[in-house]
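Below: one structure, written as structure tokens.
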Amino acid sequence: MAGALACGVLCAGPGLAEGKPKGKSGEKQWQTLEGCRYQERDGNDGDSFGVQCGRRKFVLRLYFVDAPEKGASRDNDRVSEQMKYFGATFEDTLSAGHRANELAHNVLGGAFVVQTKMANAPGRSSDPRVYGLIQVGGRYLHEALLAEGLARVKGVPTTLPDGTKSSEYLKRLRALENQAHNERKGVWARSLK
């Protein structure tokens with residue numbers, strides 16, 4: 001059922017058009033990597049996971065979103081901050097983190113497209129970790145996470161591959177998050193906000 005739900009979110013409607021990058025001089029340019037596959041690893045979660053594109057293996061961190069953690073202690077600063085933002089209990093926050101991980105895993109069960117500038121994404125992984133976007137069926141994974149109430153708008157913004165400015169795009173993403181909040185989806189289901 002999770003796979004059907006994820007496909008319903010990702011496969012419904014057109015995605016953003018792919019286009020030429022419009023980067024500043026010296027700015028890394030977008031690369032499109034096709035036929036990528038999800039790679040199982042201990043640190044995978046809803047917004048960061050192992051990816052293999054051809055012979056390249058790396059950890060991909062999604063631009064624009066922060067999904068709840070799926071495993072951490074109560075005194076973890078990141079989880080505490082997420083709990084406060086979502087108005088959720090510790091248990092509800094971790095549960096949403098597990099559901100975000102499941103959605104990503106289910107959606108990324110087949111081949112998908114990665115768009116990346118190969119920009120370094122700091123994190124705890126010893127593997128190379130880069131920021132990127134993932135498209136499945138013409139829709140972005142981070143949009144599906146927001147629409148299902150399994151992430152918040154946060155993180156590193158960037159101009160999209162089609163040239164859309166991040167300031168414009170963030171409005172669209174905040175609307176998705178607000179809709180999930182208003183519909184009490186995902187982590188918002190029992191939120192005190």
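A few points about this structure:
- A DSSP coil position with no more than 16 other Cβ atoms inside 10 Å describes the following trypsin sites (Lys or Arg not before Pro) in region 23-110: Lys24, Lys28, Arg41, Arg55, Arg74.
- To the nearest ten degrees, helix 2-11 and the longest principal axis of the Cα atoms of the chain are 50 degrees apart.
- Cα-Cα pairs of region 34-193 separated by more than 20 Å (percent): 47 percent
- Summed side-chain charge close to Leu173 - residues other than Leu173 whose Cβ falls under 12 Å, Lys, Arg +1, Asp, Glu -1: +1
- In the chain, lysine pairs closer than 13 Å at Cα, eight or more apart or cross-chain: 10
- Extending 7 Å from the Cα toward the beta-carbon at both Arg74 and Glu40 defines two label points whose distance is 3.3 nm.
- Taking the longest Cα principal axis of the chain as reference, the axis of helix 90-107 is set at about 30 degrees.
- Figure note: Asp47, Asp77 ranked by solvent-accessible area, largest first, 1.4 Å probe, ligands and nucleic acids not counted: Asp77, Asp47.
- Cleavage-rule hits (GluC sites (Glu not before Pro)) in region 136-193: DSSP loop, at most 16 neighbouring Cβ within 10 angstrom: Glu183
- Calculated from the alpha-carbon coordinates, region 84-169 shows an Rg and a Dmax of 14.2, 39 Å respectively.
- The accessible surface of the chain, taken with every protein chain in place and a 1.4 Å probe, is 51 percent carbon and sulfur.
The values are calculated or read from the model by the stated rules, or taken from the named source; none is laboratory data. Treat the numbers as computed from the prediction; the structure is a model and nothing was measured. Methodologically, a virtual Cβ is constructed for each residue, glycine included, from the backbone with ideal geometry; neighbour enumeration extends over all protein chains shown. Surface accessibility is based on the protein's heavy atoms, side chains included, excluding ligands, DNA and RNA. Shrake-Rupley method; radii C 1.70, N 1.55, O 1.52, S 1.80 Å.
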